[in-house]
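Below: the structure, in structure tokens.
The values are calculated or read from the model by the stated rules, or taken from the named source; none is laboratory data. Quantities reported herein were computed from a predicted structural model and do not represent experimental measurements. Quick reminder, even Gly has a Cβ in these numbers, built from the backbone with ideal geometry, and neighbours come from all protein chains shown. Side chains are part of the model used for accessible areas, which takes the heavy atoms of the whole protein and leaves out ligands, DNA and RNA. Shrake-Rupley method; radii C 1.70, N 1.55, O 1.52, S 1.80 Å.
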Amino acid sequence: MARKRLVLKDPGRFSDPAGLTWDRYVAMQARERERYMAERAAIPQDALNYKTVSPLYLERAVDQFANNYYSELSATHYVATAAANAPFDELKKCCLFQLADEQRHLEMDREVFERAGIPERDWLPAWEAPGTTCRFFRHVLELEDTIEIVVKANFVAEGAAGPATFAVLADGAEARGDVFSAVNHRARIRDETRHISYARALVKALIEDDPGNLDVIQQWQDESLRLFTEVARGGERREWWEGFLDSYYKIALPLGLRPTPVSV
Ligand SMILES: [Fe+2]
Ligand SMILES: [Fe+2]
């Protein structure tokens, strides 16, 4: 079956909500970096090197570390594809700044794995195991159309795994003594918020351009959320899953989308 494609007939309907230029982007990331380095410097060495968490925590956290690391690694690939195939320059610019953000996140998550002393040969098997975000991201990595990538990965997945879920992850990690993960999760929240807002602006523009586009966006949402259900299966991540859907529906329902019928 051929994939459905959406076209924004009037690209003037879309503009970057953050109004970034190269200069503004670089200045903003320099400030963010300073803040991050200060927070990281405040973490005691033992905590930074995972000497203060329980062995059981580390054993269980490998899944979570893999979900973080491979989501970011996937993002550097699919956003590069989105930038390369972007149908107009304003959208291409948003994708390119996001690409730089995701590279930064990827390096933070690699450092977590390394400091926690988890051998690299264990990383990918942890992600490929059932119950992770692997199925969703492998799907996105097969896509070539910029608009489909941005709707599925930014609007749906980041919209869901947005500020609220990163806050849950940060608090959970901190409560178990994993201060480094907590600092990392909090550091990426602002970038992820920006990725969500340009995707939301794109979805809004698409619907205003042609209300018929809503059906395809609904279908992309349904496909995406279903690929995520296995992460919540078994009830272990109930709190995470509820926060995930809540965050997403907060931005999706006001645009006319309907909840996806899913069972976990
Ligand atoms: Fe990211
Ligand atoms: Fe992102």
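In a reduced charge model with +1 at each Lys and Arg Cβ and -1 at each Asp and Glu Cβ, the stretch 105-163 shows a dipole moment near 200 debye about its Cα centre. The convex hull defined by the C-alpha atoms of the chain has an orientation-averaged projected area of 13.9 nm². One equal scatterer on each Cα of the stretch 6-84, no solvent, Debye formula: the resulting log10 I(q)/I(0) at q = 0.11, 0.15, 0.23, 0.25 Å⁻¹ is -0.59, -0.92, -1.19, -1.19.
At what distance in angstrom do the alpha carbon centres of the stretch 184-263 and the stretch 95-172 lie from each other? Their Cα centres are 15 Å away from one another. Positive-end ranking of Gly177, Thr260, Leu56 along the dipole of the chain, with charges on Cβ about the Cα centre, is headed by Thr260. About the centre of its Cα atoms, the chain shows a dipole size close to 240 debye [charges on the beta carbon of Lys, Arg (+1) and Asp, Glu (-1) only; nearest 20 debye]. Put simply, when 208-221, 99-112 are sorted by average Cβ atoms within 10 angstrom per residue, most first, you get 99-112, 208-221. Each Lys and Arg adds +1 at its Cβ and each Asp and Glu adds -1 at its Cβ; summed about the Cα centre, the stretch 78-190 shows a dipole of about 180 debye. Accessible surface for the chain, divided over its residues, is 46 Å² per residue with a 1.4 Å probe.
Working from Cα pairs under 8 Å separated by at least six residues, relative contact order for the stretch 180-264 is 31 percent.
Simple spin-label estimate for Ala41 and Leu56 gives 3.7 nm between the two label positions (7 Å along the Cα-to-Cβ direction from each Cα). Accessible area ranking (1.4 Å probe, heavy atoms, ligands and nucleic acids excluded), largest first, for Lys51, Lys93, Lys152, Lys204: Lys51, Lys204, Lys93, Lys152. For the chain, with all protein chains in place and a probe radius of 1.4 Å, 53% of the accessible heavy-atom surface sits on carbon or sulfur. For the chain, the relative contact order comes to 27 percent (Cα pairs under 8 Å, sequence separation of at least 6).
Specify whether the C-alpha gyration tensor of the stretch 75-139 places it in the rounded, prolate or oblate class, a ≥ b ≥ c being the square roots of the eigenvalues: rounded for a/c under 1.5, otherwise prolate if a/b is larger than b/c and oblate if not. Here the stretch 75-139 falls in the oblate category.
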